[in-house]
Amino acid sequence: MNDNALPARADAGDAPSWLDGLNPPQRQAVLTTEGPVLMLAGAGTGKTAALTARLAYLIRTRRAWPSEILCVTFTNKAAREMRERVGQLIGDAVEGMPWLGTFHSICARMLRRHAELVGLQSNYTIIDTDDQLRLLKQLIAGQDLDEKRWPARQLAGLIDRWKNRGLNPEDLDALENEAYANGRGQQMYRLYQERLKTLNACDFGDLPLHMLNVFRRHRDVLEMYQQRFKYVLVDEYQDTNAVQYLWLRLLAQERKNICVVGDDDQSIYSWRGAEVANILRFEKDFPGAVVIRLEQNYRSTPQILAAASGLIAANSERLGKTLWTEAHQGEKVRVVGVWDGPEEARRVGEAIERLEREGAPLDRVAILVRAQYQTRELEDRFIQIGLNYRIVGGFRFYERAEIRDALAYLRVIAQPSDDLAFERIYNQPKRGLGAKTLEAMHLHARRQGIPLAAAALELADSDELPARARGTIAQLMASFVRWRDMEPTVTPAELLRTVLEEAGYTAMLQAERSAESAGRQDNLVELGRAMEDYETLGDFLEHVSLVMDNDAADDVEKVTVMTIHAAKGLEFDYVFLPGWEEGVFPSQRALDEGGLAALEEERRLAYVAITRARRHCTILHAANRRIYGQWTSSIPSRFIAELPDDAVTVETTMTGGASLWRANWQEQEDPFAHVSSARPDRSGTRGPGWQRALATGYEKAPRRVAEPTRSAASFAAKPRGDVAVGMRVFHEKFGYGEVVGQEGNKLEIEFETSGRKRVIDSFVKPVE
């Protein structure tokens, strides 16, 4: 490896003037045009400027026509920014770059030309996630599999993972095959691919996989593209997955003029297939590669960089770099230990209010969390003190789909006439109640002037709907009656857990077995924690209404609240990092599932979090968290102990807290050896335990069938007055008949063609 040598054809003498603004390593990255180049770019080191300048330089010096350069980005936004920046440097020539775009857009363009080689036509359709799930459900049903036990979403996740790894159905081994339906993974993957070809369609994962297959099986096509592309440039190389890596490696093997830009210390997307090993082995894939380290940071202060660099040094799987800056020293990273979660939210709120009084714009303040559920306590505090904030990359806590579903159940319990809430959850989770059932409920509710829930209850005791739908509705309404009877005798949090379990909502999320599902379960756990502060369900729902109504105007400055993953690539003057505790960050679920590799990725995520800060960075951890009404102890994250002493100032509201956590962690010889044992033992302190709740949902409660009680009166409707026994009536579904019996608003009618039926009076018309 030679970090400093320039190639013979650097032509530095005729370099354009806009290269003068680059520092020496950036300039070297631009001028080293021939052969493989790894631009190892640390956080905030100007890698986009260097990559853009390199692309512009290749075109300006006529080393290649724009159409002879392949430039791959990860997002359409990055591609647009690249095109705009290059255009500012070299003008309209950038318009002739058809091969500047994302992996998927470039592969889609190639596949249009070679679709027949993978059994498609050139006008193939790219299906979205909804269409994919619909197709998989059809295939699952066709194979007589239980979709509740083997959800389509789980199969979709597996297929996406296989495609990210470059695996076709025939490539799956026995272990992969066992991942779905007890050994039917390969069969279902093959059926899915065959069905896509029949439809002349592919999903997003197919785009790079199909082109990889074309390159492997049709050497002439590969050689054509190898000759076409004189230079290959790749941004965010640390985020490539296996299929993207293999595709790129084939394209670049002939000329070897490939320049990849990335930072192994910022590889944080393994959960979507990214493999940090791709960048770590670049020099083995391309012997003689020039490695250029961009280490001058233009974002953060020396103290922030020292803290981040000291932390990431604990990782073993990295190429290594030393960030530095010419900025003034700045303040040390603050580590603040607080007593509990509410105090953590108060401290953050008070600090931001102080910054606002000192003239700091709120738009330059960010709170970065490891998981979305952490925002709830912060949001509640900000609402209380009137601090404007925005949730970026997601919804406010109470606006998330699973939270709104849970609240809808609680709203119907508290107020049976809440039609909007009932309509949201009558078939959520799926109960087989379709649009026709909802239409019948609405029709009866309008005719009778009664709530939707009351209409549903009455329809369940009639022949207006199919027997299966009637039984499902009857069971649901009996559950609501039972939950309403429970409400005065249990805490709101206990009621929530019972409702989600008995309604099947928890089981639905567990069956999905995805990272998204796990996050949704976390959010529902946090909702239960929020309810612990309220004595009655009514008090809590009133609080939620006030929170939902407090939405500041879009044109005012707001604090940014987001996950660390969503913050990658962004920067803020002031960054707050709450929840740095074992089990939260690093995530216990990640450690349990991924072991040492997951720990190193969690540490990279911590590195990304700290390096988002330009001027000030504050890390917080709480000694206690209240989960399901029980206070449990927490210990600070191991990442805090890994921060260098000379870059950190420690504050705590607990006597001896600062020295205590330092001593606890520094005496450990092998931090990873204590991945499990170091976390606090939360089991036994209450009910199901926090970790168990995150992993498996709530404690199962026995499903009961309740007889209608006094609460059923809240659903009752008044009988109609113009229909009586002996009258001739007409029903749109059953035709003409005679009323032979009446009980309240239920009629027993002998129909001329349909026989005797029990119907509701609002569905019939008297006949003269």
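The values are calculated or read from the model by the stated rules, or taken from the named source; none is laboratory data. These figures come from a predicted structure and were not determined experimentally. Don't worry about glycine lacking a Cβ; one is built from the backbone with ideal geometry, like all the others, and counts go over all protein chains shown. Remember, those area values only see protein heavy atoms, side chains included, never the ligands or the DNA or RNA. Shrake-Rupley method; radii C 1.70, N 1.55, O 1.52, S 1.80 Å.
Among the candidates Gly157, Gly87, the residue that is within 30 Å of Ala53 (Cα to Cα) and either at pLDDT below 95 or in contact with a helix residue (DSSP H, G or I) (Cβ under 9 Å, 6 or more places away or on another chain) (or both) is uniquely Gly87. Determine which single condition Arg195 fails, assuming it passes every other condition in (1) surrounded by 16 or more Cβ atoms within 10 Å (Cβ to Cβ); (2) in contact (Cβ under 8 Å) with a residue 24 or more places away in the chain. Every condition holds for Arg195 apart from (1).
Could you tell me whether any residue of region 187-203 is more than 19 Å from Leu120 (Cα to Cα) and part of a helix (DSSP H, G or I)? Within region 187-203 (the criterion being more than 19 Å from Leu120 (Cα to Cα) and part of a helix (DSSP H, G or I)), the answer is yes, since at least one residue qualifies. Quick check on my filter: what residues within region 155-204 are closer than 14 Å to Leu135 by Cβ and touching a Phe, Trp or Tyr at 6+ places or on another chain (Cβ under 8 Å)? Of everything in region 155-204, those that are closer than 14 Å to Leu135 by Cβ and touching a Phe, Trp or Tyr at 6+ places or on another chain (Cβ under 8 Å) turn out to be Leu155, Ile159, Met188, Tyr189, Asn200, Ala201, Cys202.
Considered as a group, the residues in region 546-566 that are assigned to a loop (DSSP other than H, G, I, E, B) and open to solvent by 40 Å² or more (accessible area, probe 1.4 Å) include one that is modelled with the highest pLDDT, and that residue is Glu557. Is one or more of the residues making up region 252-265 in contact (Cβ under 8 Å) with a residue 12 or more places away in the chain, out of contact with any strand residue (DSSP E or B) (no Cβ under 8 Å at 6 or more places or on another chain) and open to solvent by less than 60 Å² (accessible area, probe 1.4 Å)? Yes, region 252-265 has at least one match. Once region 413-452 is narrowed to residues that are among the basic types (Lys, Arg) and in a loop (DSSP other than H, G, I, E, B), the residue that is nearest to His731 (Cα to Cα) is Arg431. Against the list (1) touching a residue at least 24 places away in the same chain (Cβ under 8 Å); (2) open to solvent by 10 Å² or more (accessible area, probe 1.4 Å), the condition Trp162 fails is (2).
If you go through region 186-206 and keep only what is touching a strand residue (DSSP E or B) at 6+ places or on another chain (Cβ under 8 Å) and more than 16 Å from Arg161 (Cβ to Cβ), you end up with Leu196, Leu199, Asn200, Ala201, Cys202. Among the candidates Gly579, Gly569, the residue that is without any contact (Cβ under 8 Å) to a residue 24 or more places away in the chain, part of a loop (DSSP other than H, G, I, E, B) and of a type in the set (Gly, Ala, Ser) is uniquely Gly569. Can you tell which of Glu358, Glu402, Glu379 is over 15 Å from Val525 (Cα atoms) and in contact (Cβ under 8 Å) with a residue 40 or more places away in the chain? On inspection, the qualifying residue turns out to be Glu379.
Hey, could you check region 495-539 for residues that are in contact with a strand residue (DSSP E or B) (Cβ under 8 Å, 6 or more places away or on another chain) and not hydrophobic (A, V, I, L, M, F, W, C) and say which is nearest to Gln588 (Cα to Cα)? Residue satisfying both the conditions and the ranking: Arg529. Of the set (1) in contact with a helix residue (DSSP H, G or I) (Cβ under 7 Å, 6 or more places away or on another chain); (2) modelled with pLDDT under 95; (3) surrounded by 17 or more Cβ atoms within 10 Å (Cβ to Cβ), all apply to Lys321 but (1).
Taking the criterion of being assigned to a helix (DSSP H, G or I), buried (at least 17 other Cβ atoms within 10 Å of the Cβ) and under 31 Å from the mean Cα position of the chain (by Cα), the residues of region 104-131 that qualify are His104, Ile106, Cys107, Ala108, Met110, Leu111. For Leu387, the criteria (1) part of a helix (DSSP H, G or I); (2) modelled with pLDDT under 95; (3) among the aliphatic types (A, V, I, L, M) hold in every case but one, which is (1). In the list Tyr189, Tyr180, which residue meets the criterion of being over 15 Å from Cys107 (Cβ atoms), in contact with a Pro (Cβ under 7 Å, 6 or more places away or on another chain) and free of Cβ contacts under 8 Å to residues at least 60 places away in the same chain? Sole residue among the options that is over 15 Å from Cys107 (Cβ atoms), in contact with a Pro (Cβ under 7 Å, 6 or more places away or on another chain) and free of Cβ contacts under 8 Å to residues at least 60 places away in the same chain: Tyr189. Every condition in (1) crowded, with 19+ Cβ neighbours inside 10 Å; (2) of a type outside the set (Lys, Arg); (3) within 31 Å of the chain's Cα centre (by Cα) is met by Ala435 except one, and the failing one is (1). Trp631 falls short on exactly one of the conditions (1) in a helix (DSSP H, G or I); (2) out of contact with any helix residue (DSSP H, G or I) (no Cβ under 8 Å at 6 or more places or on another chain), and that condition is (1).
Could you check region 406-415 and list, in sequence order, the residues that are open to solvent by 10 Å² or more (accessible area, probe 1.4 Å) and in contact (Cβ under 8 Å) with a residue 40 or more places away in the chain? Hits for region 406-415 are Leu407, Arg411, Ala414.
Restricting attention to region 26-37, the residues being more than 36 Å from the chain's Cα centre (by Cα), open to solvent by 10 Å² or more (accessible area, probe 1.4 Å) and not basic (Lys, Arg) number 3.
Considering only region 326-348, state which residues are in contact with a Leu (Cβ under 6 Å, 6 or more places away or on another chain) and either open to solvent by 30 Å² or more (accessible area, probe 1.4 Å) or of a type in the set (Gly, Ala, Ser) (or both). Within region 326-348, just Ala345 meets the criteria. Here's a check for you: in region 49-89, which residue that is β-branched (Val, Ile, Thr) and buried (at least 18 other Cβ atoms within 10 Å of the Cβ) is nearest to Met224 (Cα to Cα)? Ranking the qualifying residues of region 49-89, first place goes to Ile69.
Search region 16-53 for residues being among the β-branched types (Val, Ile, Thr) and outside any strand (DSSP E or B), and hand back the single one that is farthest from Leu100 (Cα to Cα). For region 16-53, the residue satisfying everything is Thr45.
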